[in-house]
Structures are given as structure tokens and as C-alpha cells.
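One structure is given here, and the rest of the page talks about it.
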Amino acid sequence: MSKFDSYVICTSPRSGSTLLCKLLAATGVSGNPGSYFHRPSVSEWLAYFGLAPEASAPESDTLAMIFQEAIAKGRLDTGMFGLRLQRHSFDFFVQKRAVLHSEPAGDLKRFEAAFGRTLFIHLTRLDKVQQAVSHVKAEQTGLWHMAPDGTELERLAPPRVPVYNAEDIRACYDRLTTFDRDWNNWFDMQGIEPLRITYGALSSDPIETLREILGQLGLNRGAASGVVPGVAKLADETSQDWAARFRLERGIA
């Protein structure tokens, strides 16, 4: 029997969360984690799940429908619910959870009221320069994720040639640093000791990282055997040049 009923991947963009979600889903035992509440908007959530509640329905009823769909999608038939939460939409998510679970008080207790025993996983990228460069480059090129065979998995804009922009990188660097600080502050306030996973560990040995998470969840670590990572690194010579240039210009080690 697993130790938990659910897990939440607490992260920020370009930290490897898409790779991790695909790995966990591929085991067949650890749910189907995804960003089911990516945008801080109830109307966006409804559109994502294809729901159309009555216009006169109370907000609590609408939210109950949304969360029911999210749990079904994030659990499938595995009995384990997986969820990815990005920090930019977290506060809105927590506010809406409180509408459904005003009692008991406290974010952690409300998570558990909604999802049962929950393991929190803090997935972070320690090198914030590389993370910011990755984010800015993805925004410029439109390409966010690619499969190991070179197939595009996620493109959000037509292709463009990337151009170095120190101000954009700096703004992204500051924002991502704040996201990490806010996650850690929230963990401290809630008395949560998350399972900490770094981008470096995940990218260097994804299957061992997957085994570690399965073990923490109380699931069969052997379910990681045969799982093949489905996302390739997008970092290239341009990424390295931008990072080196930015560090030199800004005096960042």
C-alpha cells in the first residue's frame, strides 16, 4: 500500500517538469501529472476540461466540477493523483481551493482534504542563469519541448531566430529566483519538508530520479524499469554563449 494518495510537483518553468511528468505517467502506477491549473482563471480551467456549468451555478459548484475532472485526469486508473503546480498561478489556485474547503484552516490541510495524503516535490533548477536563458530562448523561438528524435512536442509560436537580450534574461532571472523563494517560504509556513529534486539530478539520471520518487510514494521502484525519457534537452551552443555573456556582463558567478 502506498504511503500517499497524491503528489504535487511544485516548480517553475524550464526546471524539467515536463520530463518528470512524462516519466511518472509512463510507469502506469503513479498517475498522470499535469498542469491542470496552469492559468489563474476559472474560465480557462473550464475551457481546458470542456465544462460548461449553468450560468447561475454557485462558484463552489463550478469549482467542485473542475476539481473532480482534474482528479480523474491526474489519477487515471492508478489510484495515485499527480499534479504539477507552477508558482505563478499558485496563489490563485490556493484561493479557489479555500472556496471549496474553508474548513479546516490552512493550505496544507486543505490540500489533504482535497487530495488525501500528499507528497510535495520541489523541483528546482539551481542554475538560474541557465534557466532564464532557456525560458527567454523558448519564448523567442516558440519551441518549448522536443522529443529525443527531434520531433517537436510543444510549439507556442512560429519559428524565429533567437536574439540575445540581457534585459529580458535579467527580468526572467529575477522572476525565477522569486518563485523559488516563494516556494520555500510557503513550505516553511506550512511545516512541509518536501522531497527536493534538482534539474541537474533529473537530467543526468532521470530513471534513478524516477525510482527515488516512486520509493518516496511507497510505490514499486521497479515500475521505473523500461521507462524511456520522452523529452530532449534544448540547450545548445547559443544557450551556452548567452549564459556566459550574461554572467560576464552582470558579474554573476
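Could you check region 71-89 and list, in sequence order, the residues that are free of Cβ contacts under 8 Å to residues at least 24 places away in the same chain and either open to solvent by less than 20 Å² (accessible area, probe 1.4 Å) or among the acidic types (Asp, Glu) (or both)? Write out each step before concluding.
Keep residues of region 71-89 that are free of Cβ contacts under 8 Å to residues at least 24 places away in the same chain, which gives 72, 77.
Scanning region 71-89 gives a single hit, Asp77.
Go through region 204-222 and report how many residues are buried (at least 18 other Cβ atoms within 10 Å of the Cβ) and under 16 Å from Lys22 (Cβ atoms).
Looking only at that region, the number is 6.
Could you list, in sequence order, the residues of region 153-175 that are under 19 Å from Arg245 (Cα atoms) and open to solvent by less than 60 Å² (accessible area, probe 1.4 Å)?
Filtering region 153-175 for residues under 19 Å from Arg245 (Cα atoms) gives 161-174.
Listed by number, the residues that qualify are Pro162, Tyr164, Asn165, Ala166, Ile169, Ala171, Cys172, Tyr173.
Could you give every pair whose Cβ atoms fall below 8 Å, whose first residue belongs to region 187-207 and is under 30 Å from Ser225 (Cβ atoms), and whose second residue is basic (Lys, Arg) and crowded, with 17+ Cβ neighbours inside 10 Å, counting only separations of at least 6 or pairs across chains?
Short answer, once both residue conditions are applied: Thr198/Arg125; Tyr199/Arg125; Gly200/Arg125.
Considering each of Ala147, Ala244 in turn, give the residue that is open to solvent by 40 Å² or more (accessible area, probe 1.4 Å) and not charged (D, E, K, R). Before the answer, list the steps.
Numbers: Ala147 fails: open to solvent by 40 Å² or more (accessible area, probe 1.4 Å).
One residue alone meets the criteria, Ala244.
Which of the residues belonging to region 20-31 are within 14 Å of the chain's Cα centre (by Cα) and crowded, with 22+ Cβ neighbours inside 10 Å?
Leu20, Cys21, Leu23, Leu24, listed by residue number.
Which residues, counting only those in region 88-113, are under 17 Å from Met189 (Cα atoms), in contact with a helix residue (DSSP H, G or I) (Cβ under 8 Å, 6 or more places away or on another chain) and of a type in the set (A, V, I, L, M)?
Hits for region 88-113 are Val94, Ala98, Leu108.
I need every pair where a residue in region 157-171 that is closer than 10 Å to Gly142 by Cα has its Cβ under 6 Å from the Cβ of a residue that is among the basic types (Lys, Arg), sequence separation at least 6 or different chains.
Cβ pairs passing all conditions: Pro162/Lys137.
Condition first: open to solvent by less than 30 Å² (accessible area, probe 1.4 Å) and either of a type in the set (A, V, I, L, M) or without any contact (Cβ under 8 Å) to a residue 12 or more places away in the chain (or both). Now tell me which residues in region 99-134 satisfy that.
Once the filter is applied, which keeps residues that are open to solvent by less than 30 Å² (accessible area, probe 1.4 Å) and either of a type in the set (A, V, I, L, M) or without any contact (Cβ under 8 Å) to a residue 12 or more places away in the chain (or both), region 99-134 yields Ala114, Leu119, Ile121, Leu123, Val129, Ala132, Val133.
With the requirement that a residue be touching a helix residue (DSSP H, G or I) at 6+ places or on another chain (Cβ under 7 Å) and either without any contact (Cβ under 8 Å) to a residue 12 or more places away in the chain or hydrophobic (A, V, I, L, M, F, W, C) (or both), what does region 173-186 give you? So that I can check it myself, show each step before the final result.
In the first step, residues of region 173-186 are kept if they are touching a helix residue (DSSP H, G or I) at 6+ places or on another chain (Cβ under 7 Å); the result is 173, 176-177, 179, 182-183.
Matches in region 173-186: Leu176, Phe179, Trp183.
Tell me which of these Thr141 doesn't satisfy, since it passes every other one: (1) within 20 Å of Phe37 (Cβ to Cβ); (2) among the polar types (S, T, N, Q); (3) more than 19 Å from the chain's Cα centre (by Cα).
Unmet condition: (1).
Hey, any hits in region 63-70 for a residue that's open to solvent by less than 10 Å² (accessible area, probe 1.4 Å), within 30 Å of Ala201 (Cβ to Cβ) and touching a residue at least 12 places away in the same chain (Cβ under 8 Å)?
There is at least one residue in region 63-70 that is open to solvent by less than 10 Å² (accessible area, probe 1.4 Å), within 30 Å of Ala201 (Cβ to Cβ) and touching a residue at least 12 places away in the same chain (Cβ under 8 Å).
Is it the case that Gly226 is open to solvent by 40 Å² or more (accessible area, probe 1.4 Å), more than 22 Å from the chain's Cα centre (by Cα) and within 30 Å of Thr27 (Cβ to Cβ)? Give the derivation first.
Working: open to solvent by 40 Å² or more (accessible area, probe 1.4 Å): yes; more than 22 Å from the chain's Cα centre (by Cα): yes; within 30 Å of Thr27 (Cβ to Cβ): yes.
Answer is yes for this residue.
Would you be able to say whether some residue in region 91-103 is within 30 Å of Arg211 (Cβ to Cβ) and either at pLDDT 95 or above or in contact with a Leu (Cβ under 8 Å, 6 or more places away or on another chain) (or both)? Lay out the reasoning, then the answer.
Quick first cut of region 91-103, residues within 30 Å of Arg211 (Cβ to Cβ) only: 93.
Still in the list and also either at pLDDT 95 or above or in contact with a Leu (Cβ under 8 Å, 6 or more places away or on another chain) (or both): 93.
Checked against the condition, which is being within 30 Å of Arg211 (Cβ to Cβ) and either at pLDDT 95 or above or in contact with a Leu (Cβ under 8 Å, 6 or more places away or on another chain) (or both), region 91-103 yields at least one hit.
The values are calculated or read from the model by the stated rules, or taken from the named source; none is laboratory data. Note that the coordinates shown come from a computational prediction; the quantities given were computed from them, not determined experimentally. Neighbour counts run over all protein chains shown; Cβ positions are idealised from the backbone, glycine included. Surface accessibility is based on the protein's heavy atoms, side chains included, excluding ligands, DNA and RNA. Shrake-Rupley method; radii C 1.70, N 1.55, O 1.52, S 1.80 Å.
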